[in-house]
Amino acid sequence: MSILNPEQRSIEYVPHHERHGRVRSLFTLWFGANLQVTAIAAGAISVAIGLSLPWALLATLVGNLIGAVFMALHSAQGPVLGIPQMIQSRAQFGFYGAVLPLIMVLLMYIGYFATTAVQGGAAFSSLTGVNIDASIIVVVVITATLAIVGYRLIHAAEKWLSVISGLAFLYLSYRLVTANDLAAVWTTSGFSWALFLAAAAIAATWQLTYAPYVADYSRYLPADTSVRAAFWYTYAGAVLSTMFMFAFGATATAVAADAFDGGSVDFIVAQAAGWHALFLLVIIAGVIGVNSLNVYGMFMSTSTVLNSVFKMKVSPLMRVGLIVVVATVATTIGILGKDNFLVNFSNFILLLAYFLIPWTSINLADFYVIRKERYSIDDMFKPNGHYGGVDWRAMTAYLVGIIVEIPFIASPFYTGPIATALGDADISWILGIFIAGGLYIFLMKKFPTRANYPEPTYAIPSTSSEQTAAMADEQEATPA
């Protein structure tokens with residue numbers, strides 16, 4: 001099948017005869033996805049908050065190495081289950097209960113799409129002279145088109161971007177190091193545990209925010225794909241590229257404190273020694289590539305929320321409409337918030353951690369510890385099936401995980417009392433992982449069944465048409 005043929009499936013199960021691809025494609029997908037200016041801006045935060053360059057690099061390395069473990073574990077779920085990541089959350093939170101984390105995830109996609117679109121628009125504006133708002137819209141239109149075509153084209157685009165952007169940023173990095181006085185900013189003075197932990201949290205959160213959709217890009221792989229291979233190809237691609245971009249951003253901010261004021265990409269391409277247009281094109285392509293993942297994720301999450309509330313089948317026309325709507329909403333937010341880019345982005349990704357980390361811990365605990373990769377796929381689509389309703393065990397663990405984080409939060413909008421006592425060191429994300437996941441495991445072992453819900457059926461999932469009809473019948477029978 002051509003990569004230009006629009007994807008036909010949305011949130012439903014991908015049957016074995018439609019599986020394709022090789023597991024190593026996960027490396028190029030996640031390597032290419034992170035070779036873009038938003039990752040550079042995230043890396044810049046570690047120096048902008050006050051860390052010296054060596055400590056900033058070490059903190060971001062620690063955060064990336066830890067955060068990518070969880071992200072890659074989610075990626076390995078895709079070939080096993082053959083369904084999107086957030087549909088699988090119904091197994092933990094229930095058919096309706098999964099809507100709560102879904103809404104949080106949808107807000108995350110919108111935020112990342114908006115901030116990334118600002119950077120892509122800035123590059124397009126620098127290249128063409130078109131005003132920034134119009135430039136953002138142009139970049140978004142191309143991005144949405146890529147997402148509409150879907151899975152195959154996204155994988156192919158990231159494969160080429162991993163090579164082209166990789167070579168481009170290698171050259172820019174060489175120019176950055178050799179054209180600036182790096183020795184003047186290479187100092188280990190001014191270390192602070194609070195700032196170190198904050199920088200590590202930003203890096204870990206960067207990886208963790210991929211968790212709610214990372215399996216969407218591995219779900220078409222053959223079902224016999226090794227979990228170990230899926231993990232390591234994803235992990236290696238994500239860590240190498242992210243650390244590359246974070247290091248670039250931290251170094252750029254260390255040698256020029258105002259490098260990213262207003263979300264501008266001008267400082268980056270200024271390192272290109274006369275090849276500005278070429279590198280602006282690379283930056284624009286990178287933004288389009290990663291934002292196609294974001295808008296694809298927005299579409300998946302929106303479809304799942306709507307599917308939980310209404311009887312619906314996502315037709316090709318509805319697919320296009322949903323992608324256009326969510327892209328328009330995110331673009332509007334990006335245009336309105338573009339003038340204070342770095343501050344807005346820093347606050348945004350810190351906020352995400354408090355809601356996403358308990359979810360990721362519960363999801364992984366269920367997949368690898370409780371159910372050990374064994375699920376009834378058909379029941380994922382039945383409001384009254386084994387995973388129906390709202391699962392109080394997962395919801396309790398999720399809410400407790402968030403509540404436990406609150407006293408340990410250190411952020412621009414709120415600092416908890418314990419975080420204050422620790423010198424504004426933010427360790428909430430660490431507690432969120434262990435408390436939410438640990439409590440979920442305890443509750444699942446203490447209360448292994450829920451009353452009034454049927455036992456799961458582990459048969460091979462129905463075909464698409466049969467599954468859609470069964471889902472519709474279930475929803476019609478469900479009380480309002």
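Across the protein chains, with a 1.4 Å probe defining accessible surface, the residues 233, 368, 217 rank 233, 368, 217 from largest area downward.
Within region 106-122, which residues have the backbone N less than 20 Å from the label spot 7 Å out from residue 339 along Cα→beta-carbon, could you tell me? It comes to 114-122, nothing else. Averaging the Cα positions of each part gives two centres, and for region 236-252 and region 411-442 these lie 26 Å apart. Counting 0.36 nm for each residue step from residue 186 to residue 229 and taking away their Cα separation leaves a gain of 11.7 nm.
Please name which of 358, 428, 394 has its Cα lying farthest along the dipole of region 344-435 towards the positive end, using unit charges on Cβ (Lys, Arg +1; Asp, Glu -1) and the Cα centre as origin. The residue sitting most towards the positive pole is 394.
Carbon and sulfur together cover what percent of the accessible area of the chain at a 1.4 Å probe radius? Carbon with sulfur: 69 percent of the solvent-accessible area. For residue 446, the lysines whose Cα comes closer than 24 Å to its Cα, not counting residues fewer than 8 places off in the same chain, are 372. The candidate values are (i) 28.8, 96; (ii) 20.6, 62; (iii) 21.9, 70; the one derived from this structure for Rg and Dmax of the Cα atoms in Å carries the label (iii).
Taking every protein chain into account, the accessible area of region 119-218 amounts to 39 square angstrom per residue (probe 1.4 Å).
Please report the spacing between the Cα centers of region 271-329 and region 31-106 in Å, no decimals. After rounding, the separation between the Cα centres reads 17 Å.
Counting only the Cα atoms, region 256-341 fills a convex hull of 114 Å³ per residue. For residue 313, a cut-off of 21 angstrom between C-alpha atoms picks up these lysines, skipping any fewer than 8 places away in its own chain: 382. Between residue 406 and residue 312, the FRET efficiency from the beta-carbon distance, with R0 = 35 Å, is close to 0.45. Report the normalised scattering of region 179-334 as log10 I(q)/I(0) at q = 0.13, 0.16, 0.17, 0.20 Å⁻¹, calculated by the Debye formula with identical scatterers on the alpha carbons. Results for region 179-334 at q = 0.13, 0.16, 0.17, 0.20 Å⁻¹ read -0.91, -1.20, -1.27, -1.42.
For the chain, a simple Cβ point-charge model (Lys and Arg +1, Asp and Glu -1, everything else neutral) yields a dipole of about 800 debye relative to the Cα centre. The modelled label-to-label distance between residue 418 and residue 20, using points 7 Å beyond Cα along the C-beta direction, is 5.0 nm.
The values are calculated or read from the model by the stated rules, or taken from the named source; none is laboratory data. No experiment lies behind these values; they were computed from the predicted model shown. Reconstructed Cβ throughout: ideal geometry from the backbone, glycine too, with neighbour counts over all protein chains shown. Areas reflect the complete protein model, heavy atoms only, side chains present, ligands, DNA and RNA absent. Shrake-Rupley method; radii C 1.70, N 1.55, O 1.52, S 1.80 Å.
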